[in-house]
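Worksheet for the structure shown next.
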Amino acid sequence: MNEVSPIVAASSEAFDVQRVREDFPALHQDVHGKPLVYLDSAATTLKPQSVIDAVDEVYARDCANIHRAVHLLSQRATARFEEAREKVRAFLNASKKTEIVFTRGTTEAINLVSHSWGRSSLREGDEVLVTELEHHSNIVPWQILCQQTGAKLVVVPMTDRGEVLREAFENKLSERTRLVAMAHVSNALGTVLPVSELIALAHERGALVLLDGAQAVSHVDVDVQALDCDFYAFSGHKLYGPTGIGVLYGKERLLDKMPPYQGGGDMIRSVTFEETIYNDLPYKFEAGTPHIAGAVGLGAAIDYFSSFDAELIHAHENAVLHYATEALKAVPGLRLIGTAPGKVAALSFLMESAHPHDIGTIVDAEGVAIRTGHHCAQPVMEHFGIAATARASLGMYNSRDDIDALVAALRKVRELFG
Ligand code: PMP
(Lines give C-alpha, C1' and ligand atoms only; values in the text may rest on other atoms or scores of the structure.)
Protein backbone atom coordinates (compact mmCIF):
# COMPACT_ATOMS: atom_id res chain seq x y z
CA MET A 1 0.00 0.00 0.00
CA ASN A 2 1.09 3.58 -0.60
CA GLU A 3 2.58 5.66 2.20
CA VAL A 4 -0.02 7.59 4.14
CA SER A 5 0.26 11.25 3.12
CA PRO A 6 1.02 13.94 5.74
CA ILE A 7 -2.36 15.55 4.96
CA VAL A 8 -4.17 12.26 5.63
CA ALA A 9 -2.19 11.77 8.85
CA ALA A 10 -2.93 15.33 10.03
CA SER A 11 -6.64 15.20 9.25
CA SER A 12 -6.84 11.81 10.93
CA GLU A 13 -5.66 13.46 14.12
CA ALA A 14 -8.43 16.06 13.74
CA PHE A 15 -11.03 13.28 13.92
CA ASP A 16 -11.94 12.47 17.51
CA VAL A 17 -12.54 8.73 17.28
CA GLN A 18 -12.99 8.33 21.05
CA ARG A 19 -15.79 10.86 20.94
CA VAL A 20 -17.39 9.04 17.97
CA ARG A 21 -17.22 5.70 19.79
CA GLU A 22 -19.44 7.11 22.54
CA ASP A 23 -22.26 7.41 20.00
CA PHE A 24 -22.31 3.65 19.29
CA PRO A 25 -23.83 1.69 22.19
CA ALA A 26 -22.98 -1.73 20.75
CA LEU A 27 -19.28 -0.95 21.11
CA HIS A 28 -19.61 -0.76 24.87
CA GLN A 29 -20.02 -4.41 25.74
CA ASP A 30 -17.87 -7.40 26.56
CA VAL A 31 -17.93 -10.57 24.47
CA HIS A 32 -16.45 -13.77 25.89
CA GLY A 33 -15.40 -11.63 28.86
CA LYS A 34 -13.33 -9.25 26.68
CA PRO A 35 -14.17 -5.76 25.44
CA LEU A 36 -15.69 -5.99 21.97
CA VAL A 37 -13.44 -5.06 19.05
CA TYR A 38 -15.69 -4.75 16.04
CA LEU A 39 -13.92 -5.22 12.71
CA ASP A 40 -16.83 -6.41 10.55
CA SER A 41 -18.34 -3.18 9.25
CA ALA A 42 -18.27 -4.38 5.64
CA ALA A 43 -20.90 -6.94 6.68
CA THR A 44 -22.90 -4.35 8.59
CA THR A 45 -22.01 -1.18 10.43
CA LEU A 46 -22.97 -0.60 14.05
CA LYS A 47 -25.67 2.00 14.63
CA PRO A 48 -25.32 5.31 16.47
CA GLN A 49 -27.81 6.09 19.22
CA SER A 50 -29.48 8.78 17.06
CA VAL A 51 -30.47 6.13 14.49
CA ILE A 52 -31.78 3.78 17.17
CA ASP A 53 -33.78 6.67 18.66
CA ALA A 54 -35.22 7.68 15.28
CA VAL A 55 -36.47 4.14 14.61
CA ASP A 56 -37.80 3.88 18.14
CA GLU A 57 -39.67 7.15 17.82
CA VAL A 58 -41.48 6.07 14.66
CA TYR A 59 -42.89 3.04 16.46
CA ALA A 60 -43.45 4.85 19.77
CA ARG A 61 -45.05 8.03 18.40
CA ASP A 62 -45.57 8.28 14.63
CA CYS A 63 -46.77 4.72 14.13
CA ALA A 64 -49.03 4.76 11.10
CA ASN A 65 -49.12 3.69 7.51
CA ILE A 66 -48.06 6.31 4.99
CA HIS A 67 -49.56 8.00 1.90
CA ARG A 68 -53.01 6.66 2.83
CA ALA A 69 -54.84 8.24 5.73
CA VAL A 70 -55.74 11.80 6.64
CA HIS A 71 -55.18 11.31 10.37
CA LEU A 72 -52.33 13.12 12.05
CA LEU A 73 -50.12 10.14 12.82
CA SER A 74 -50.23 9.09 9.18
CA GLN A 75 -49.40 12.62 8.09
CA ARG A 76 -46.42 12.69 10.45
CA ALA A 77 -45.18 9.28 9.33
CA THR A 78 -45.58 10.26 5.66
CA ALA A 79 -43.71 13.50 6.21
CA ARG A 80 -40.85 11.70 7.94
CA PHE A 81 -40.65 9.05 5.22
CA GLU A 82 -40.54 11.68 2.48
CA GLU A 83 -38.01 13.78 4.43
CA ALA A 84 -35.79 10.70 4.49
CA ARG A 85 -36.07 10.45 0.71
CA GLU A 86 -34.94 14.07 0.44
CA LYS A 87 -31.94 13.30 2.71
CA VAL A 88 -30.96 10.41 0.44
CA ARG A 89 -31.33 12.66 -2.61
CA ALA A 90 -29.02 15.26 -1.09
CA PHE A 91 -26.55 12.60 0.08
CA LEU A 92 -26.20 11.15 -3.43
CA ASN A 93 -26.57 14.58 -5.05
CA ALA A 94 -29.35 13.30 -7.29
CA SER A 95 -31.15 16.12 -9.04
CA LYS A 96 -34.68 14.99 -8.10
CA LYS A 97 -36.45 13.12 -5.31
CA THR A 98 -38.34 11.18 -7.96
CA GLU A 99 -35.07 9.43 -8.78
CA ILE A 100 -34.81 7.88 -5.29
CA VAL A 101 -36.60 4.55 -4.88
CA PHE A 102 -36.64 2.87 -1.47
CA THR A 103 -35.89 -0.85 -1.58
CA ARG A 104 -34.96 -3.53 0.96
CA GLY A 105 -31.29 -3.05 0.19
CA THR A 106 -28.66 -3.24 -2.52
CA THR A 107 -29.77 -6.73 -3.50
CA GLU A 108 -33.35 -5.69 -4.13
CA ALA A 109 -32.26 -2.52 -5.94
CA ILE A 110 -30.18 -4.58 -8.39
CA ASN A 111 -32.97 -7.11 -8.82
CA LEU A 112 -35.39 -4.26 -9.52
CA VAL A 113 -33.24 -3.11 -12.44
CA SER A 114 -32.65 -6.61 -13.75
CA HIS A 115 -36.38 -7.44 -13.65
CA SER A 116 -37.79 -4.15 -14.84
CA TRP A 117 -35.20 -2.66 -17.20
CA GLY A 118 -33.58 -5.98 -18.08
CA ARG A 119 -36.62 -8.01 -19.06
CA SER A 120 -38.12 -5.18 -21.07
CA SER A 121 -34.90 -4.15 -22.83
CA LEU A 122 -32.57 -7.08 -23.39
CA ARG A 123 -32.65 -9.29 -26.45
CA GLU A 124 -30.78 -12.40 -27.48
CA GLY A 125 -27.18 -11.54 -28.32
CA ASP A 126 -27.07 -8.46 -26.06
CA GLU A 127 -24.34 -8.39 -23.42
CA VAL A 128 -24.23 -7.48 -19.74
CA LEU A 129 -20.77 -6.69 -18.44
CA VAL A 130 -19.73 -7.38 -14.85
CA THR A 131 -16.27 -7.58 -13.27
CA GLU A 132 -14.54 -10.50 -11.63
CA LEU A 133 -14.68 -8.91 -8.19
CA GLU A 134 -18.45 -8.57 -7.87
CA HIS A 135 -20.55 -9.60 -4.89
CA HIS A 136 -22.98 -12.41 -5.73
CA SER A 137 -25.78 -9.80 -5.57
CA ASN A 138 -24.31 -8.19 -8.66
CA ILE A 139 -23.76 -11.46 -10.53
CA VAL A 140 -26.73 -13.76 -9.97
CA PRO A 141 -29.53 -11.32 -10.97
CA TRP A 142 -27.73 -10.77 -14.29
CA GLN A 143 -27.15 -14.48 -14.78
CA ILE A 144 -30.87 -15.15 -14.29
CA LEU A 145 -31.68 -12.30 -16.68
CA CYS A 146 -29.32 -13.68 -19.31
CA GLN A 147 -30.81 -17.16 -19.01
CA GLN A 148 -34.28 -15.69 -19.52
CA THR A 149 -33.48 -13.36 -22.41
CA GLY A 150 -30.67 -15.11 -24.26
CA ALA A 151 -28.30 -12.25 -23.46
CA LYS A 152 -24.68 -13.03 -22.54
CA LEU A 153 -22.86 -12.30 -19.29
CA VAL A 154 -19.36 -11.02 -20.00
CA VAL A 155 -16.75 -10.75 -17.25
CA VAL A 156 -13.93 -8.20 -17.02
CA PRO A 157 -10.96 -9.91 -15.33
CA MET A 158 -9.11 -8.33 -12.41
CA THR A 159 -5.40 -8.30 -11.73
CA ASP A 160 -3.70 -10.28 -8.96
CA ARG A 161 -3.74 -7.11 -6.85
CA GLY A 162 -7.52 -6.99 -7.24
CA GLU A 163 -7.67 -4.06 -9.67
CA VAL A 164 -10.00 -3.58 -12.62
CA LEU A 165 -7.92 -1.87 -15.27
CA ARG A 166 -9.18 0.35 -18.05
CA GLU A 167 -7.57 -1.78 -20.73
CA ALA A 168 -9.20 -5.03 -19.55
CA PHE A 169 -12.54 -3.21 -19.36
CA GLU A 170 -12.21 -1.76 -22.87
CA ASN A 171 -11.32 -5.20 -24.22
CA LYS A 172 -14.61 -6.62 -22.99
CA LEU A 173 -16.84 -3.70 -23.99
CA SER A 174 -18.51 -4.25 -27.33
CA GLU A 175 -21.21 -2.82 -29.56
CA ARG A 176 -23.51 -5.41 -27.96
CA THR A 177 -22.88 -4.28 -24.36
CA ARG A 178 -26.20 -2.90 -23.12
CA LEU A 179 -25.40 -2.62 -19.43
CA VAL A 180 -22.31 -2.52 -17.24
CA ALA A 181 -23.01 -3.58 -13.64
CA MET A 182 -20.02 -3.11 -11.38
CA ALA A 183 -19.02 -2.47 -7.81
CA HIS A 184 -17.94 1.02 -6.82
CA VAL A 185 -15.89 -0.60 -4.03
CA SER A 186 -15.18 -4.34 -3.63
CA ASN A 187 -16.38 -5.94 -0.39
CA ALA A 188 -13.83 -8.76 -0.42
CA LEU A 189 -10.76 -6.71 -1.39
CA GLY A 190 -11.46 -3.05 -0.67
CA THR A 191 -10.57 -2.06 -4.25
CA VAL A 192 -12.02 1.27 -5.40
CA LEU A 193 -12.84 0.91 -9.08
CA PRO A 194 -12.01 3.81 -11.44
CA VAL A 195 -15.71 4.20 -12.07
CA SER A 196 -15.74 7.70 -13.60
CA GLU A 197 -13.40 6.61 -16.34
CA LEU A 198 -15.21 3.31 -16.91
CA ILE A 199 -18.65 4.97 -16.99
CA ALA A 200 -17.44 7.38 -19.68
CA LEU A 201 -16.13 4.47 -21.76
CA ALA A 202 -19.39 2.54 -21.37
CA HIS A 203 -21.45 5.57 -22.37
CA GLU A 204 -19.28 6.10 -25.46
CA ARG A 205 -20.42 2.63 -26.54
CA GLY A 206 -24.05 3.40 -25.69
CA ALA A 207 -24.21 1.10 -22.64
CA LEU A 208 -25.93 2.00 -19.38
CA VAL A 209 -24.07 1.68 -16.07
CA LEU A 210 -25.29 0.42 -12.72
CA LEU A 211 -22.99 0.90 -9.74
CA ASP A 212 -23.21 -1.36 -6.72
CA GLY A 213 -22.43 1.18 -4.01
CA ALA A 214 -22.95 -1.10 -0.99
CA GLN A 215 -19.34 -0.76 0.14
CA ALA A 216 -18.77 2.72 -1.24
CA VAL A 217 -21.28 4.97 0.49
CA SER A 218 -19.50 5.10 3.83
CA HIS A 219 -15.93 5.16 2.49
CA VAL A 220 -15.81 7.36 -0.63
CA ASP A 221 -17.70 10.43 -1.83
CA VAL A 222 -20.67 9.62 -4.02
CA ASP A 223 -22.14 12.16 -6.41
CA VAL A 224 -24.38 10.45 -8.94
CA GLN A 225 -24.54 13.50 -11.20
CA ALA A 226 -20.77 13.91 -11.31
CA LEU A 227 -20.33 10.16 -11.85
CA ASP A 228 -23.08 10.21 -14.49
CA CYS A 229 -24.02 6.62 -13.58
CA ASP A 230 -27.48 5.52 -14.72
CA PHE A 231 -28.32 3.51 -11.61
CA TYR A 232 -26.77 3.45 -8.13
CA ALA A 233 -27.67 0.88 -5.45
CA PHE A 234 -26.84 0.89 -1.76
CA SER A 235 -27.98 -0.51 1.61
CA GLY A 236 -28.79 1.56 4.68
CA HIS A 237 -27.18 -0.92 7.05
CA LYS A 238 -23.70 -0.31 5.62
CA LEU A 239 -24.08 3.43 6.24
CA TYR A 240 -24.80 3.22 9.98
CA GLY A 241 -28.54 2.85 9.26
CA PRO A 242 -31.07 0.05 9.81
CA THR A 243 -31.22 -3.27 7.98
CA GLY A 244 -34.05 -3.91 5.55
CA ILE A 245 -33.87 -0.51 3.86
CA GLY A 246 -31.88 0.48 0.81
CA VAL A 247 -31.98 2.70 -2.21
CA LEU A 248 -32.05 2.54 -5.95
CA TYR A 249 -31.11 5.79 -7.64
CA GLY A 250 -32.04 5.87 -11.31
CA LYS A 251 -32.03 8.63 -13.90
CA GLU A 252 -35.59 9.87 -14.22
CA ARG A 253 -35.81 9.38 -17.98
CA LEU A 254 -34.89 5.70 -17.54
CA LEU A 255 -37.11 5.01 -14.52
CA ASP A 256 -39.98 6.69 -16.36
CA LYS A 257 -39.84 4.20 -19.21
CA MET A 258 -39.30 1.11 -17.05
CA PRO A 259 -42.29 -1.12 -16.22
CA PRO A 260 -43.16 -1.73 -12.54
CA TYR A 261 -41.10 -4.29 -10.67
CA GLN A 262 -43.89 -5.46 -8.34
CA GLY A 263 -47.60 -4.82 -8.33
CA GLY A 264 -49.66 -3.86 -5.29
CA GLY A 265 -50.85 -0.96 -3.19
CA ASP A 266 -49.26 2.49 -3.50
CA MET A 267 -47.76 1.84 -6.93
CA ILE A 268 -51.03 2.57 -8.70
CA ARG A 269 -53.04 5.64 -9.54
CA SER A 270 -56.21 3.69 -10.39
CA VAL A 271 -57.21 0.05 -10.76
CA THR A 272 -60.06 -1.60 -12.61
CA PHE A 273 -60.18 -5.21 -13.75
CA GLU A 274 -59.66 -3.95 -17.28
CA GLU A 275 -56.78 -1.59 -16.66
CA THR A 276 -54.38 -0.27 -14.04
CA ILE A 277 -52.78 3.16 -14.31
CA TYR A 278 -49.48 3.26 -12.51
CA ASN A 279 -48.44 5.89 -10.02
CA ASP A 280 -45.80 8.56 -10.65
CA LEU A 281 -42.13 8.08 -9.84
CA PRO A 282 -40.81 6.93 -7.49
CA TYR A 283 -44.00 5.29 -6.14
CA LYS A 284 -44.40 3.18 -9.28
CA PHE A 285 -41.55 1.08 -7.89
CA GLU A 286 -42.66 1.01 -4.25
CA ALA A 287 -45.48 -1.54 -4.09
CA GLY A 288 -46.91 -2.30 -0.66
CA THR A 289 -46.17 -0.86 2.76
CA PRO A 290 -42.50 0.07 2.85
CA HIS A 291 -40.06 -0.13 5.76
CA ILE A 292 -41.18 3.24 7.11
CA ALA A 293 -39.10 3.19 10.30
CA GLY A 294 -36.15 1.92 8.28
CA ALA A 295 -36.32 4.84 5.86
CA VAL A 296 -36.56 7.30 8.76
CA GLY A 297 -33.62 5.52 10.41
CA LEU A 298 -31.63 5.80 7.18
CA GLY A 299 -32.41 9.52 7.13
CA ALA A 300 -31.08 9.76 10.70
CA ALA A 301 -27.96 7.82 9.66
CA ILE A 302 -27.35 10.28 6.83
CA ASP A 303 -27.83 13.17 9.29
CA TYR A 304 -25.32 11.54 11.63
CA PHE A 305 -22.77 10.84 8.90
CA SER A 306 -23.19 14.32 7.43
CA SER A 307 -22.61 15.94 10.82
CA PHE A 308 -18.91 15.15 10.19
CA ASP A 309 -16.67 16.38 7.45
CA ALA A 310 -16.63 13.29 5.19
CA GLU A 311 -13.02 14.05 4.27
CA LEU A 312 -12.08 13.64 7.93
CA ILE A 313 -13.89 10.31 8.21
CA HIS A 314 -12.19 8.99 5.08
CA ALA A 315 -8.78 10.27 6.16
CA HIS A 316 -9.19 8.69 9.59
CA GLU A 317 -10.19 5.33 8.11
CA ASN A 318 -7.34 5.46 5.60
CA ALA A 319 -4.84 6.13 8.37
CA VAL A 320 -6.18 3.15 10.37
CA LEU A 321 -6.12 1.02 7.21
CA HIS A 322 -2.50 1.96 6.59
CA TYR A 323 -1.59 1.16 10.19
CA ALA A 324 -3.42 -2.18 9.93
CA THR A 325 -1.77 -3.07 6.63
CA GLU A 326 1.71 -2.54 8.07
CA ALA A 327 0.81 -4.39 11.28
CA LEU A 328 -0.60 -7.40 9.46
CA LYS A 329 2.32 -7.55 7.04
CA ALA A 330 4.56 -7.92 10.09
CA VAL A 331 2.70 -11.04 11.28
CA PRO A 332 4.81 -14.04 10.19
CA GLY A 333 3.08 -16.30 7.67
CA LEU A 334 0.26 -13.83 6.94
CA ARG A 335 -0.63 -13.06 3.33
CA LEU A 336 -2.81 -10.13 2.31
CA ILE A 337 -5.34 -10.78 -0.45
CA GLY A 338 -6.19 -7.59 -2.35
CA THR A 339 -3.48 -4.98 -2.54
CA ALA A 340 -4.84 -2.47 -5.05
CA PRO A 341 -3.41 1.02 -4.64
CA GLY A 342 -5.94 3.40 -3.09
CA LYS A 343 -8.00 0.57 -1.60
CA VAL A 344 -10.28 1.31 1.35
CA ALA A 345 -11.59 -0.18 4.57
CA ALA A 346 -11.14 -3.95 4.12
CA LEU A 347 -8.22 -6.28 4.72
CA SER A 348 -8.60 -9.86 3.53
CA PHE A 349 -5.88 -12.24 4.60
CA LEU A 350 -4.72 -15.82 4.98
CA MET A 351 -2.40 -17.41 7.52
CA GLU A 352 -0.07 -20.22 6.59
CA SER A 353 -1.19 -22.88 8.99
CA ALA A 354 -4.69 -21.88 10.08
CA HIS A 355 -7.94 -22.10 8.12
CA PRO A 356 -9.80 -18.76 7.99
CA HIS A 357 -12.67 -20.21 10.05
CA ASP A 358 -10.21 -21.23 12.77
CA ILE A 359 -8.74 -17.72 12.70
CA GLY A 360 -12.23 -16.25 13.06
CA THR A 361 -13.12 -18.52 15.97
CA ILE A 362 -9.89 -17.92 17.87
CA VAL A 363 -9.94 -14.14 17.51
CA ASP A 364 -13.64 -14.11 18.47
CA ALA A 365 -12.70 -15.75 21.78
CA GLU A 366 -10.40 -12.73 22.27
CA GLY A 367 -13.34 -10.37 21.69
CA VAL A 368 -12.37 -9.50 18.10
CA ALA A 369 -15.17 -9.76 15.53
CA ILE A 370 -13.96 -10.35 11.97
CA ARG A 371 -15.56 -12.09 9.00
CA THR A 372 -14.42 -15.36 7.52
CA GLY A 373 -15.61 -17.13 4.38
CA HIS A 374 -16.01 -16.30 0.71
CA HIS A 375 -17.70 -12.96 1.45
CA CYS A 376 -20.37 -13.68 -1.20
CA ALA A 377 -17.64 -13.25 -3.81
CA GLN A 378 -16.73 -16.80 -4.79
CA PRO A 379 -15.27 -15.76 -8.18
CA VAL A 380 -12.76 -13.61 -6.25
CA MET A 381 -11.79 -16.65 -4.19
CA GLU A 382 -11.49 -18.70 -7.35
CA HIS A 383 -9.15 -16.11 -8.86
CA PHE A 384 -6.77 -16.57 -5.96
CA GLY A 385 -7.26 -20.36 -5.85
CA ILE A 386 -8.62 -20.28 -2.30
CA ALA A 387 -11.95 -21.12 -0.66
CA ALA A 388 -12.11 -18.36 1.93
CA THR A 389 -10.27 -15.52 3.64
CA ALA A 390 -10.37 -13.84 7.01
CA ARG A 391 -11.45 -10.22 6.60
CA ALA A 392 -11.10 -7.29 8.97
CA SER A 393 -13.10 -4.28 7.85
CA LEU A 394 -13.32 -0.77 9.21
CA GLY A 395 -15.92 1.77 10.20
CA MET A 396 -15.53 5.34 11.37
CA TYR A 397 -15.37 4.14 15.01
CA ASN A 398 -12.29 1.94 14.62
CA SER A 399 -8.97 3.00 16.04
CA ARG A 400 -5.41 1.77 16.06
CA ASP A 401 -6.18 0.11 19.40
CA ASP A 402 -8.59 -2.20 17.57
CA ILE A 403 -5.82 -3.19 15.18
CA ASP A 404 -3.45 -3.83 18.08
CA ALA A 405 -6.12 -6.11 19.60
CA LEU A 406 -6.48 -7.96 16.29
CA VAL A 407 -2.74 -8.46 15.97
CA ALA A 408 -2.53 -9.72 19.57
CA ALA A 409 -5.35 -12.17 18.83
CA LEU A 410 -3.57 -13.33 15.66
CA ARG A 411 -0.53 -14.10 17.82
CA LYS A 412 -2.75 -16.57 19.70
CA VAL A 413 -3.64 -18.16 16.37
CA ARG A 414 0.07 -18.59 15.63
CA GLU A 415 0.68 -20.05 19.09
CA LEU A 416 -2.05 -22.64 18.51
CA PHE A 417 -1.40 -23.43 14.85
CA GLY A 418 2.31 -22.66 14.55
N1 PMP B 1 -22.80 -5.64 -2.95
C2 PMP B 1 -21.75 -5.55 -2.13
C3 PMP B 1 -20.44 -5.05 -2.68
C4 PMP B 1 -21.88 -5.89 -0.79
O5 PMP B 1 -20.83 -5.79 0.03
C6 PMP B 1 -23.13 -6.34 -0.31
C7 PMP B 1 -23.32 -6.74 1.14
N8 PMP B 1 -22.32 -7.54 1.65
C9 PMP B 1 -24.19 -6.40 -1.20
C10 PMP B 1 -23.99 -6.05 -2.52
C11 PMP B 1 -25.55 -6.86 -0.77
O12 PMP B 1 -26.08 -5.97 0.15
P13 PMP B 1 -27.44 -6.33 0.93
O14 PMP B 1 -27.24 -7.70 1.49
O15 PMP B 1 -27.52 -5.28 1.98
O16 PMP B 1 -28.54 -6.27 -0.05
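Summary table below
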quantity	calculated
Yes/no for residue 346 being within 16 Å of the ligand (Cβ to nearest atom) and either in contact with a helix residue (DSSP H, G or I) (Cβ under 6 Å, 6 or more places away or on another chain) or over 20 Å from residue 108 (Cα atoms) (or both)	yes
Of residues in segment 258-303 being among the charged types (D, E, K, R) and in contact (Cβ under 8 Å) with a residue 60 or more places away in the chain, the one nearest to residue 52 (Cα to Cα)	303
Residues located in segment 298-349, provided they are open to solvent by 30 Å² or more (accessible area, probe 1.4 Å) and in a strand (DSSP E or B)	335, 336
Residue within segment 67-76 that is open to solvent by less than 50 Å² (accessible area, probe 1.4 Å) and without any contact (Cβ under 8 Å) to a residue 60 or more places away in the chain present	yes
Residues of segment 112-148 satisfying the condition of being assigned to a helix (DSSP H, G or I), crowded, with 19+ Cβ neighbours inside 10 Å and among the β-branched types (Val, Ile, Thr)	113
Flag for residue 256 being away from the ligand (no atom under 16 Å from the Cβ) and part of a loop (DSSP other than H, G, I, E, B)	no
Close pairs from segment 36-57: first within 18 Å of residue 305 (Cβ to Cβ) and within 16 Å of the ligand (Cβ to nearest atom), partner open to solvent by 30 Å² or more (accessible area, probe 1.4 Å) and among the aliphatic types (A, V, I, L, M), Cβ under 6 Å, at least 6 apart	46/26
Which numbered condition residue 196 misses (of (1) within 12 Å of the ligand (Cβ to nearest atom); (2) closer than 30 Å to residue 322 by Cβ; (3) among the small types (Gly, Ala, Ser); (4) out of contact with any Ser or Thr (no Cβ under 7 Å at 6 or more places or on another chain))	(1)
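The values are calculated or read from the model by the stated rules, or taken from the named source; none is laboratory data. Given the structure is predicted, the values throughout are model-derived calculations rather than measurements. Neighbour counts run over all protein chains shown; Cβ positions are idealised from the backbone, glycine included. Areas reflect the complete protein model, heavy atoms only, side chains present, ligands, DNA and RNA absent. Shrake-Rupley method; radii C 1.70, N 1.55, O 1.52, S 1.80 Å.
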